[in-house]
1. Run through segment 82-118 and list the trypsin sites (Lys or Arg not before Pro) located in a DSSP loop whose Cβ has at most 16 other Cβ atoms within 10 Å.
2. Using 1/(1 + (r/R0)^6) with R0 = 25 angstrom and r between the beta carbons of Asp5 and Ala97, what's the FRET efficiency to the nearest 0.05?
3. How many nm separate the modelled label positions at Thr116 and Thr138, each set 7 Å beyond the Cα in the direction of the Cβ?
4. Considering amide H positions built from the backbone, and no H for Pro or chain starts, which residues 5 or more places from Val90, or on another chain, come under 5 Å of its amide H?
5. Pulled fully out, how much extra length does the chain show between Lys158 and Glu23, if you take 0.36 nm times their separation in residues and subtract their Cα-Cα distance?
6. Going by how many other Cβ atoms sit within 10 Å of their own, how do Ile107, Ile85, Ile33 line up, fewest first?
7. Past 26 Å, Cα to Cα: identify those pairs from Lys16/Lys158; Lys3/Lys35; Lys35/Lys124; Lys35/Lys110; Lys3/Lys110, in the order given.
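Any read-out appearing in this document is the output of simple, stated calculations on the displayed coordinates, not a laboratory observation. This is a predicted model, so every value here is computed, not measured. In this analysis, Cβ positions are derived from the backbone assuming ideal geometry, glycine residues included, and neighbour counts consider all displayed protein chains.
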Amino acid sequence: MFKLDEIKELIELLDKTSVQELEIENEGARLCIRKPIKTELVQVQPTVVSGTAPTAVPAVSAPAVTTEPEAAVSPGEKAANLHTIVSPMVGTFYRAASPDANAFVNIGDKVGEKTTVCIIEAMKLMNELEAEIKGEITDILVENGQLVEYGQPLFLVKPE
């Protein structure tokens, strides 16, 4: 069986290479890590599937950041040319690394491309989401602990 630390390390290593997919079998367990297809402004979020029987692994291409605000954004905000950070997957939204830790970002905070803004928990894996844009957080659109959908707007950022 694969340990969580081993899986995280493999994801990080894969993320730093041009390899798009990695499949490993160990002691009857199969692990497949696949990057989504890159497009402009797409955050690489490897898809991880682990199990004991060979199964088909669905390809997931999940844009993490979009320049167009979703329908939940008011027309006034669209005119303000704000950037929307959206959820790259279905999961539980967390503003901090643990219940007693400070939030990654708050309204008014300045962020950079690599600034972690939240964690999305999916299938017991904690996935850190980065801003991928320089700017200022103007709104947080979801509550801590809330279930979020793929593509759901999470943050509004005023670009620098």
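1. Numbers: sites: Arg95, Lys110, Lys114; in loops: Arg95, Lys114.
Listed in order of number, the matching sites are Lys114.
2. Details: r = 16 Å, r/R0 = 0.64.
The value I calculate is 0.95.
3. Computed distance between label sites Thr116 and Thr138 equals 2.7 nm.
4. Tyr150
5. Values: separation 135, 0.36 × 135 = 48.60 nm, distance 3.96 nm.
So the chain would gain 44.6 nm between Lys158 and Glu23.
6. Working: Ile107 11, Ile85 27, Ile33 22.
Sorted ascending by nearby Cβ count, the order is Ile107, Ile33, Ile85.
7. Numbers: Lys16/Lys158 29 Å; Lys3/Lys35 20 Å; Lys35/Lys124 19 Å; Lys35/Lys110 29 Å; Lys3/Lys110 35 Å.
In this structure, Lys16/Lys158; Lys35/Lys110; Lys3/Lys110 exceed 26 Å between Cα atoms.
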